[in-house]
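The structure appears below as structure tokens.
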Amino acid sequence: MSKKKHADNDPHKKKDMSNKAEAAPEEDALEIAQAEVAELKDKLLRAHAEMDNLRKRTAREIEDSRKFAVERFSTALLEVVDNLERALEVEDGNEAGLREGVKLTFDSWHAMMNKFELKRIDAVGEVFDPHKHEALSQMPSDEPEGVVIAQHVAGYTLHGRLIRAAKVLVSSGPA
């Protein structure tokens with residue numbers, strides 16, 4: 001018993017015990033900090049992976065959007081092609097039927113164009129506008145100078161943006 005008592009009174013033993021007591025909270029704090037760092041690293045890796053997946057998915061969606069952007073337009077255009085095929089099947093000598101078929105095709109073409117905001121530019125009689133018209137030539141006429149007197153090719157806008165200028169003949173004024 002005296003040894004035990006002596007060990008309890010030993011100042012070196014007390015110092016070791018207090019160091020162990022102090023070390024235990026430091027080790028716990030270190031373990032907690034390491035666990036927190038590991039958790040934050042895991043969250044960071046997951047966030048990076050999620051952003052990478054989002055980037056890839058967005059790129060795929062953009063590519064699909066580009067590929068299939070004209071799908072509705074193409075489907076509507078098939079109706080016009082069907083009408084053209086029907087017009088070609090008209091019997092020889094039936095010019096009235098052929099003319100009617102071509103007219104119906106032309107009407108379905110215009111209906112399809114309006115559906116997709118594709119508007120025709122009819123320039124005859126308008127003042128020449130270099131933003132909508134391409135002058136192929138000028139010639140004297142009874143119309144005032146700068147007025148479109150003939151249109152060789154119609155122009156078109158898509159949702160208000162010019163996609164093809166009308167190719168026109170412009171008056172240079174009276175001769």
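Counting only residues that are of a type in the set (Val, Ile, Thr) and buried (at least 16 other Cβ atoms within 10 Å of the Cβ), which one in the range 158-175 is nearest to the chain's Cα centre (by Cα)?
Val168
Any residue that is over 25 Å from Glu117 (Cα atoms) and free of Cβ contacts under 8 Å to residues at least 40 places away in the same chain - is there at least one of those in the range 61-82?
no
Got at least one residue in the range 41-54 being more than 35 Å from the chain's Cα centre (by Cα), modelled with pLDDT of 95 or more and assigned to a helix (DSSP H, G or I)?
Within the range 41-54, one or more residues are more than 35 Å from the chain's Cα centre (by Cα), modelled with pLDDT of 95 or more and assigned to a helix (DSSP H, G or I).
Tell me, which strands (runs of 3 or more DSSP E) lie completely within the range 66-175 with 3 or more residues that are among the aliphatic types (A, V, I, L, M)?
Strands (runs of 3 or more DSSP E) meeting the threshold: 133-139, 148-153, 166-171.
The values are calculated or read from the model by the stated rules, or taken from the named source; none is laboratory data. From a predicted model like this one, the values you see are computed outputs, not experimental measurements. Virtual Cβ from ideal backbone geometry, glycine too; neighbours counted across all protein chains shown.
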